[in-house]
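Below is one structure; the comments refer to it alone.
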Amino acid sequence: SLLYTIKFEQWSREECETRCKLATAYRLTHLFGWDELIYGHITSRIPGSEHLLINAFGLHYNEITASNLVKIDIAGNVIDPGTSKFSFQQTGYIIHSAIHEQRPDLNTLFHMHSAAGTAVSTAVDKILPISQNSVYLEPISYHPFRGIVVAEHEKEEIAENFQSPSKCLLMKNHGLLTGGISVEEAFFLMFMFHGICQVYVDAGYTHRLVPEDKVFCPDMMKTSLEACEMQVEEGLGVRDFQALCRQLDLAGWETGYPYYDLD
């Protein structure tokens, strides 16, 4: 189960739902094969507070539950250590808090090192719109590699390089990061971000230039995005995430996701 009921009474309804959605996102990341051992992070701001939920550093993505997520404040102080013996990773805290502090529009941040994402972050200077995955991603931001992030002073450059309205950040020689108003939106954008990186890899564009006639024109991108937005009344990625949660629940995973029945 993703939810240990022993903790229910200690959380607000909003925190319960956020924990369940976040734990589900970690499990889905593993099922899609995007995870890299215990590294990478998905964080989410608890509604109505400045507290963040982050994974316990030492747990595999397939072990993360609603109750073993660690609750911290924006300064990195532990508010609730969760049910595991592990604390959170400093590198993840620095990257995510840098953005959470400066981007109140992004309640959830999703950072991972998928094989395709890391390959493109290493080989490609700029991701061009060459498949319909790209429709949701623009504008994409970029952050140069400065080594493994360990120092607080690095937060300023990260925040500077990932400003509104961008929700996708290519961290050079490192990996991918997306942000969303919700867990569902951040997950959806990561699915599309990884998807365009996979297209680059499969089409051979990590070692040769994209032909000009394969790049979408700005007008096509604009009209396509407008058409897509008309179909997502609940919010970007919500229907997709609900569908995935239903599949997990049918398999007995107990996501705790408050989706509506289809009957």
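Please specify each residue of the range 171-191 satisfying the condition of being part of a helix (DSSP H, G or I) and open to solvent by 30 Å² or more (accessible area, probe 1.4 Å). Walk me through how you get there before you give the answer.
If we filter the range 171-191 for residues that are part of a helix (DSSP H, G or I), which is where we start, we get 183-191.
Residue satisfying the conditions is Phe191 alone.
The rows are residues; the columns are (1) in contact with a Phe, Trp or Tyr (Cβ under 9 Å, 6 or more places away or on another chain); (2) more than 25 Å from Leu244 (Cβ to Cβ); (3) of a type in the set (Ser, Thr, Tyr).
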residue: His111; (1), (2), (3): no, no, no
residue: Leu128; (1), (2), (3): yes, yes, no
residue: Asn173; (1), (2), (3): yes, yes, no
residue: Ala186; (1), (2), (3): yes, no, no
Looking across the range 130-140 at residues that are in a loop (DSSP other than H, G, I, E, B) and under 18 Å from the mean Cα position of the chain (by Cα), the single one that is surrounded by the most Cβ atoms within 10 Å (Cβ to Cβ) is Leu137
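State yes or no: is Tyr39 open to solvent by less than 30 Å² (accessible area, probe 1.4 Å) and of a type in the set (Ser, Thr, Tyr)?
No: the conditions fail for Tyr39.
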Please count how many residues of the range 141-158 are open to solvent by 20 Å² or more (accessible area, probe 1.4 Å) and touching a residue at least 40 places away in the same chain (Cβ under 8 Å). 7
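A quick yes/no check of all residues on (1) touching a residue at least 24 places away in the same chain (Cβ under 8 Å); (2) within 23 Å of Leu189 (Cα to Cα); (3) open to solvent by less than 20 Å² (accessible area, probe 1.4 Å):
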site: Glu17; (1), (2), (3): yes, yes, no
site: Thr24; (1), (2), (3): yes, yes, yes
site: Arg27; (1), (2), (3): yes, yes, no
site: Arg45; (1), (2), (3): yes, yes, no
site: Val70; (1), (2), (3): no, no, yes
site: Ser84; (1), (2), (3): yes, no, no
site: Phe88; (1), (2), (3): yes, no, no
site: Glu101; (1), (2), (3): yes, yes, no
site: Thr108; (1), (2), (3): yes, yes, yes
Pick from the range 90-99 the residues that are farther than 16 Å from His51 by Cβ and surrounded by fewer than 22 Cβ atoms within 10 Å (Cβ to Cβ): which of them is modelled with the highest pLDDT? Ile94
Within the range 206-230, how many residues are open to solvent by less than 30 Å² (accessible area, probe 1.4 Å) and either modelled with pLDDT of 75 or more or within 22 Å of Phe110 (Cα to Cα) (or both)? 1
With (1) part of a helix (DSSP H, G or I); (2) open to solvent by less than 10 Å² (accessible area, probe 1.4 Å); (3) modelled with pLDDT under 95 as the list, and Asn62 as the residue in question, which single condition is left unmet? (2)
Given the residues Ser49, Ser67, which is the only one that is within 19 Å of Gly180 (Cα to Cα), assigned to a loop (DSSP other than H, G, I, E, B), modelled with pLDDT under 95 and among the hydroxyl-bearing types (Ser, Thr, Tyr)? Ser49
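The values are calculated or read from the model by the stated rules, or taken from the named source; none is laboratory data. Bear in mind that the values here come from a model prediction, so they are computed numbers and not experimental data. Because the Cβ atoms are built from the backbone with ideal geometry, glycine has one as well, and the counts that use them run over all protein chains shown. To get the accessible areas, we keep the full protein, side chains included, count just its heavy atoms, and leave off ligands, DNA and RNA. Shrake-Rupley method; radii C 1.70, N 1.55, O 1.52, S 1.80 Å.
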